[in-house]
Amino acid sequence: MKKTNKVILIGAIKEGQQPTCGETVKNQQFINRFNELFDKVITVDTYDWQHRLWVLVKLFFVLLFNRGAKVVISASRAASYLVSFLYYVPLKKSVYFWVVGGNLHLRVAEGLYNKKALSSLKSILVQGTSMVEKLAELGVNNALYVPNSKPIVYVPEIQSKSDNVYRFVFLSRVHPDKGIREIMEAAKTLCGMGLKDRFIVDFYGSIEPSFEAEFRTLIAQNDNTNYRGFLNLREVEGYKTLAQYDVMLFPTYWDGEGFPGVVLDAYMAAVPIIASDWSMNAEVVKDGQTGIIIPTHDTAALAAAMKQIIEGEVDVEQLRKNALAEAQRFDVKNVISEKLLKEIGLL
């Protein structure tokens with residue numbers, strides 16, 4: 001294919017560093033994919049932009065001197081400012097907003113986004129069909145559903161379970177709104193049922209500083225829970241580690257949750273998910289097929305779902321096969337395809 005286009009990517013990237021959140025993970029993957037499809041990828045890294053105000057100067061000059069380039073905004077905290085800036089200072093007409101998270105419709109309803117500015121964009125690419133509908137109800141009609149995606153770098157071999165200890169994993173930011181306290185309470189409940197020797201829960205992820213003391217106390221109080229630090233999924237070894245777990249726990253009620261990248265990580269490692277019915281979870285975790293959906297904030301339901309797994313009431317091996325098959329749908333080359341980019345005019 002003859003490449004003729006260049007694209008400007010604006011968002012938190014942390015170029016050359018380990019990604020620390022869904023936005024930085026996503027944008028580093030965008031760079032890799034865009035480099036395969038465009039002549040040139042120009043980046044404006046807005047990570048911690050409030051303390052790096054020179055980034056705004058760079059943004060202005062990048063836009064000024066690359067008027068033929070298409071623009072992709074892939075940001076969370078800075079997004080509303082960027083959308084308005086590009087509306088009132090029209091250096092670019094071909095601007096796309098690739099939305100991070102699942103609360104854009106809420107922010108629009110709260111008046112934090114300029115609806116005229118949003119409607120002036122070429123496309124708003126969102127991770128759930130429900131968000132397309134909710135934005136349309138608010139008068140924003142240029143949203144398009146494009147699911148989250150990741151490159152498939154590892155395909156595990158699914159083997160029959162060789163013992164009766166079930167290994168649960170949490171993989172995300174260690175923040176109370178991710179359901180950490182609910183997991184801890186569910187673990188205590190299971191131990192009280194006499195299942196202490198039948199399960200473990202391992203936590204991976206960066207710890208929210210304000211929650212660290214409490215989290216480490218909770219870990220110390222429960223023999224079945226462990227903090228394992230950071231799991232590097234930029235390396236195949238990270239996926240090999242993840243594939244050793246039976247089920248992921250994701251009882252989140254995080255305000256900005258959208259289509260979580262950790263769901264795709266779990267699927268690629270053939271790990272089904274127990275997830276809360278929050279934001280887009282029920283769209284991406286198929287209840288009874290790739291995992292179990294439970295009510296949000298419901299510790300008893302979480303413990304009950306974990307108990308079903310432990311006691312063999314759920315065919316975990318089949319769930320693992322289903323999860324691995326589902327991963328193919330979200331391979332970045334299948335989602336961010338030449339066909340899609342041409343259809344929306346980006347390529």
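The values are calculated or read from the model by the stated rules, or taken from the named source; none is laboratory data. All values derive from a computational prediction rather than experimental measurement. Positions of Cβ are backbone-derived with ideal geometry, glycine not excepted, and every protein chain shown enters the neighbour counts. Protein only, heavy atoms only, side chains kept; ligands, DNA and RNA dropped before computing areas. Shrake-Rupley method; radii C 1.70, N 1.55, O 1.52, S 1.80 Å.
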Would you calculate the volume per residue, in Å³, of the smallest convex hull containing every Cα atom of segment 193-263? 133 Å³
Subtract the Cα-Cα distance of Q50 and Q18 from 0.36 nm times their separation in residues, and report this length gain in nm to one decimal. 9.5 nm
In deg cm²/dmol and to the nearest 500, what is the mean residue ellipticity at 222 nm of the chain if only DSSP H runs of at least 4 residues count, each as -39500 (n - 2.57), divided by the residue total? -11000 deg cm²/dmol
Note to self: C-alpha centroids of segment 258-312 and segment 46-98 sit apart, in Å, by 36 Å
Net charge within 11 Å of N224 by Cβ-Cβ distance, Lys/Arg positive one each and Asp/Glu negative one each, not counting N224 itself? +1
Pairwise over distinct Cα atoms, reciprocal of the mean inverse distance: report the Kirkwood radius of segment 57-165 in Å, one decimal place. 15.8 Å
Just L233, L106, L53 to compare: in a GNM of the chain, with alpha carbon springs under 10 Å, which one fluctuates most? L53
What whole-number volume per residue, in cubic angstrom, does the convex hull of the C-alpha atoms of segment 120-164 give? 113 Å³
With Cα coordinates, the longest principal axis of the chain makes an angle with the long axis of helix 299-310, in degrees rounded to 10, of 70 degrees
Folded to 0 to 90 degrees: helix 180-192 orientation relative to the chain principal axis, Cα: 10 degrees
Report, as a whole number in µm² per second, the diffusion coefficient that Stokes-Einstein gives for the chain at 25 °C and 0.890 mPa s using the Kirkwood radius over alpha carbon pairs. 116 µm²/s
Which longest uninterrupted range of the chain lacks any trypsin sites (Lys or Arg not before Pro) assigned by DSSP to a loop state (not H, G, I, E or B) and surrounded by at most 14 other Cβ atoms within 10 Å? 235-347
Normalise the Cα radius of gyration of segment 237-347 by 2.2 N^0.38 Å (N = residues in it) and let me know the number. 1.16
Using a 10 angstrom cutoff on alpha carbons, build the Gaussian network for the chain and name the most mobile of A136, A79, A275. A136
What pairs in K240/K321; K286/K307; K116/K342; K26/K116; K150/K307; K178/K333 have C-alpha atoms more than 21 Å from each other? K116/K342; K26/K116; K150/K307; K178/K333
Carbon and sulfur atoms account, in whole percent of the 1.4 Å probe accessible area of segment 83-122, for 54 percent
In Å², and per residue, what accessible area does the chain have when probed at 1.4 Å with the other protein chains present? 44 Å²
Of the accessible area of segment 193-282, computed with a 1.4 Å probe and all protein chains kept, carbon and sulfur make up a percent value of 47 percent
For Y253, the net charge from surrounding residues (Cβ-Cβ under 14 Å; K, R +1; D, E -1) works out to -3
